[in-house]
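Q: Dropping a structure here in structure tokens format, bear with me for questions.
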Amino acid sequence: MNDARHKIVYFADKSLHIVPEDEYRAADFADERTRAWSDADGELSPANIIKFFERYDRAVFVTSECGNEAFAKLASHFKPVRAAGGIVADSDGEVVMIRRNDRWDLPKGHIEAGESPEACAVREVGEETGVDGAKIAAFLCNTIHAYDVYGVWELKTTYWYLLATDCRSELTPQRSEGIERAEWCDARTTERNLRNAYPTIRKVFAEYEKIKEKIW
């Protein structure tokens, strides 16, 4: 989850967990690909995080502060970016997925000046997939991920929504954005595609699974 107590920041396929010390349970992070450290061992900085990721897939920073305070200090090292996107679903339960950079993904994009996250999500799914008539049905979650753009580290917060449509329109991938395919996917295809998706996308679908029966 991402709240004031426990923050998760994704770095591609790896993840950083910021956990207050009164909530930290070693058993929850007990595997050989995870490394935990605390305030006393070194600061929460991009350099330290990248160093841990050279050997581990998951880094856990155990902080004496609340997760929100520690996260704010980390975020000060990054350029902030806001985006929105979502899962488009029809009444048969099929969803729209896109393929970009050889990974399965969901349509999303930067929030423009004066634009709400909801409006951005609707606009981006339309532009990137050509889907028609999709409307916001529910908020799913936020994800946070960090990445290096030509030497500048950005920290992107993405607002994810479920968008519903009664019209199963023909899809047109936005190739100018590097989207190779846009497809309607049934449950079995979605499960298969998620094996080749980033952890952020799997998290969004996990939230979708919790509420989808309430929507239709």
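The values are calculated or read from the model by the stated rules, or taken from the named source; none is laboratory data. Bear in mind the structure is a predicted one, so any value in this text is a computation, not a measurement. Neighbour counts run over all protein chains shown; Cβ positions are idealised from the backbone, glycine included. We work out accessible area using only protein heavy atoms, side chains counted, and drop any ligands, DNA or RNA first. Shrake-Rupley method; radii C 1.70, N 1.55, O 1.52, S 1.80 Å.
Q: Suppose R0 equals 22 Å. What FRET efficiency, 1/(1 + (r/R0)^6) with r the Cβ-Cβ distance, do residue 115 and residue 150 give to the nearest 0.05?
A: Taking R0 as 22 Å, the efficiency between residue 115 and residue 150 is 0.30.
Q: Obtain the nm distance between the two label points defined at residue 56 and residue 26 by a simple spin-label model: each point lies 7 Å from its Cα along the Cα-to-C-beta direction.
A: Distance between the two pseudo-spin positions: 1.3 nm.
Q: Does the range 78-160 come out rounded, prolate or oblate by the C-alpha gyration tensor, with a ≥ b ≥ c the root eigenvalues, rounded set by a/c under 1.5 and, if not, prolate when a/b is larger than b/c and oblate if not?
A: Because a/c hits 1.5 or more and a/b exceeds b/c, the range 78-160 counts as prolate.
Q: Tell me the net charge near residue 130. Cut-off is 13 Å between Cβ atoms, residue 130 excluded, with +1 for each Lys or Arg and -1 for each Asp or Glu.
A: With Lys, Arg at +1 and Asp, Glu at -1, the net is -3.
Q: Continuing with the same structure: Two decimals, Cα atoms only, Kirkwood Rh: what is Rg/Rh over the chain?
A: Using only Cα positions, Rg/Rh for the chain is 0.99.
Q: Scan around residue 11 for amide H atoms under 5 Å from its own, H built in the peptide plane at 1.01 Å from N, and keep only partners 5 or more places away or cross-chain.
A: 16, 146
Q: A follow-up question, please. Compute the accessible area per residue over the range 40-147, keeping the other protein chains in place, probe 1.4 Å, unit Å².
A: Ligands and nucleic acids excluded, the figure is 44 Å² per residue.
Q: Can you pull out the trypsin sites (Lys or Arg not before Pro) in the range 36-77 whose DSSP state is coil and whose Cβ has at most 13 other Cβ atoms within 10 Å?
A: Those satisfying the criteria are 55.
Q: How large a share of the accessible area of the chain, in percent, is made up of carbon and sulfur atoms when the probe is 1.4 Å and the other protein chains stay in place?
A: That share works out to 47 percent.
Q: While we're here: Along the charge dipole of the chain, pointing to its positive end and built from +1/-1 on Cβ of Lys, Arg, Asp and Glu, which listed residue (171, 75, 56) has its Cα farthest out?
A: Farthest along the dipole direction, towards plus: 56.
Q: In debye, nearest 20: dipole of the range 11-147 around its Cα centre with unit charges on the Cβ of K, R (+) and D, E (-)?
A: For the range 11-147, the charge dipole is close to 380 debye.
Q: As a check on your grasp of the helix formula, calculate [θ] at 222 nm for the chain: sum -39500 (n - 2.57) over DSSP H runs of n ≥ 4, divide by the residue count, round to the nearest 500.
A: The helix-only estimate for the chain comes to -7500 deg cm²/dmol at 222 nm.
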